[in-house]
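Q: So that we are looking at the same thing, I have put the structure below in structure tokens.
The values are calculated or read from the model by the stated rules, or taken from the named source; none is laboratory data. All of these numbers come straight from a predicted model, not from anything done at the bench. Positions of Cβ are backbone-derived with ideal geometry, glycine not excepted, and every protein chain shown enters the neighbour counts. We work out accessible area using only protein heavy atoms, side chains counted, and drop any ligands, DNA or RNA first. Shrake-Rupley method; radii C 1.70, N 1.55, O 1.52, S 1.80 Å.
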Amino acid sequence: MLAPRHIIYTGLEGALLDARTDSFAEAEEALSELARRHIPLVLVTSRTRDEIEPLRRKLEHSHPFIAESGGGIYFPDGYFNIKIPNVTRSGRYLCLAFGRPYKEVCEVLDEVAEESGVGVAGFHHMSAREIAENIGVKPRDAELARSREFDEPFFFTSADEKAIARFVAAAKERGFDARRGQTFWHFSSGSDSARAVRSLTKLFRDATRIKFRAVGIAPASEDLPWIRAVDHAVLLGAPEIHSEDSGAIQSDDLAPENASGPAGWNSSILNIIS
């Protein structure tokens, strides 16, 4: 690793990727410039490790990434020249896990549902075909989405609002988080995207021993806890915001408004690193 001036954390849909097509064609100029300058680009996503692999191949991505909404940080072998405590092997990567293991998550989900008197259907209850029909993807892609390590998507099959509130409270008592997503609810324990970003930023700083700016870029349309864990945040489609605990970058460093999607991502990144 060369010592970079920036670390870029990016959301995917609506930022680096077109929300409808998953294309990053309009971001290729900035991607090439990041690669030329050896600036790390960290993907932050709710997708699984297996889901993110095809995209990493297309991007020729060789940096760490954060998957399953902060369930774990994944590092290519030998990426850092320092010892990282508590890492485990996950496929081709080393993984620093924050979330509880998937098997335990599924077991507790079923237990809390039974205790609360609600019906739930999680990915572990469904076939790849059923998941594909629910999320509108091909069965092969559904299989990748089903290969989970920390977080279980689910929906309620029988429950009113009072029962759902009872379920959420019971989960919290057990140390688990049940949160409503765009398509599914999600059930996990320990997964924390903001904590993952802070931990990875510290690893970069420990490994490089230099000062750099941690920049986060994501769509303004989503509530992303990790965007508040960087030195400078760019919300595409909205005025920029700055982390309360950092004055590293002044408000006039970038344009006050940013276009959404990969075109906005491209221009924002080029402005940041220029």
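Q: Counting only Cα, what are the radius of gyration and maximum Cα-Cα distance Dmax of region 45-154, in Å?
A: Every Cα atom of region 45-154 included, Rg and Dmax give 15.6, 51 Å.
Q: Working only with C-alpha atoms, what are the Rg and Dmax values of the chain, expressed in angstrom?
A: Gyration radius and largest Cα-Cα distance of the chain: 19.1, 57 Å.
Q: What whole-number distance in Å separates the alpha-carbon centres of region 8-67 and region 137-160?
A: Each part reduced to its Cα centre gives a spacing of 22 Å.
Q: What does the extension gain come out to for Glu107 and Glu33, with contour length at 0.36 nm per residue minus their alpha carbon separation?
A: Details: separation 74, 0.36 × 74 = 26.64 nm, distance 4.56 nm.
Gain in length upon complete extension: 22.1 nm.
Q: Here's something else I'd like to know. Using only the Cα atoms of region 1-100, build the gyration tensor, take square roots of its eigenvalues as a ≥ b ≥ c, and label the shape rounded, prolate or oblate: rounded if a/c is under 1.5, else prolate if a/b is larger than b/c, else oblate.
A: Because a/c hits 1.5 or more and a/b fails to exceed b/c, region 1-100 counts as oblate.
Q: Number of Lys pairs in the chain with C-alpha atoms less than 22 angstrom apart, excluding same-chain neighbours closer than eight positions?
A: 6
Q: What number do you get for region 1-46 when its Cα radius of gyration is normalised by 2.2 N^0.38 Å, N = residues?
A: Compactness ratio reported: 1.21.
Q: Among His6, Leu31, Leu17, which residue has its Cα positioned farthest towards the positive end of the charge dipole of region 1-63, with +1 placed on the Cβ of Lys and Arg, -1 on the Cβ of Asp and Glu, and the dipole taken about the Cα centre?
A: In region 1-63, that residue is His6.
Q: Please determine, in degrees from 0 to 90 and to the nearest 10, the orientation of helix 161-173 with respect to the longest principal axis defined by the Cα atoms of the chain, where the helix direction is its Cα long axis.
A: For 161-173 against the chain, the angle is about 70 degrees.
Q: Binning at 10 Å from 0, report for region 102-145 what percent of all alpha-carbon pair distances ends up in each bin.
A: 28, 40, 29, 3
Q: Helix-only estimate, please: 222 nm mean residue ellipticity of the chain, summing -39500 (n - 2.57) across DSSP H runs of length 4 or more and dividing by its residues, to the nearest 500.
A: Roughly -10500 deg cm²/dmol at 222 nm, from the helical runs in the chain.
Q: If you don't mind, there's one more thing I want to ask. What number, in percent, do you get for the relative contact order of the chain if the mean sequence gap of Cα pairs under 8 Å and at least 6 apart is divided by its residue count?
A: Dividing the mean separation by the residue count of the chain yields 24 percent.
Q: Under the classification rounded if a/c is under 1.5, otherwise prolate if a/b is larger than b/c and oblate if not, where does region 116-213 fall, given a ≥ b ≥ c as square roots of the Cα gyration tensor eigenvalues?
A: Oblate, because a/c is 1.5 or more while a/b does not exceed b/c.
Q: Enter the angle in degrees (range 0 to 90, nearest 10) between the Cα long axis of helix 49-59 and the first principal axis of the Cα atoms of the chain, meaning the one along which they spread out most.
A: That helix lies at roughly 30 degrees to the long axis.
Q: So, one more: With the cut-off at 1.5 for a/c, could you classify region 175-227 from its C-alpha gyration tensor as rounded, prolate or oblate?
A: Cα axes put region 175-227 in the oblate bin.
Q: If I stretch the segment between Lys211 and Leu270 completely, what's the gain in nm (0.36 nm per residue apart, minus their alpha carbon distance), one decimal?
A: 19.2 nm
Q: What FRET efficiency comes out for Arg174 versus Ala194 if R0 is 22 angstrom and r is the Cβ-Cβ distance? Round to the nearest 0.05.
A: Once rounded, the FRET efficiency stands at 0.50.
Q: Round to the nearest 10 and report in Å² the accessible area of Ile135, as given by a 1.4 Å probe over the protein chains' heavy atoms.
A: In the full protein context, Ile135 sits at about 60 Å².
Q: Express in nm, to one decimal, how much length is gained between Glu60 and Gln182 on full extension, taking 0.36 nm for each residue of separation and deducting their alpha carbon distance.
A: 41.0 nm
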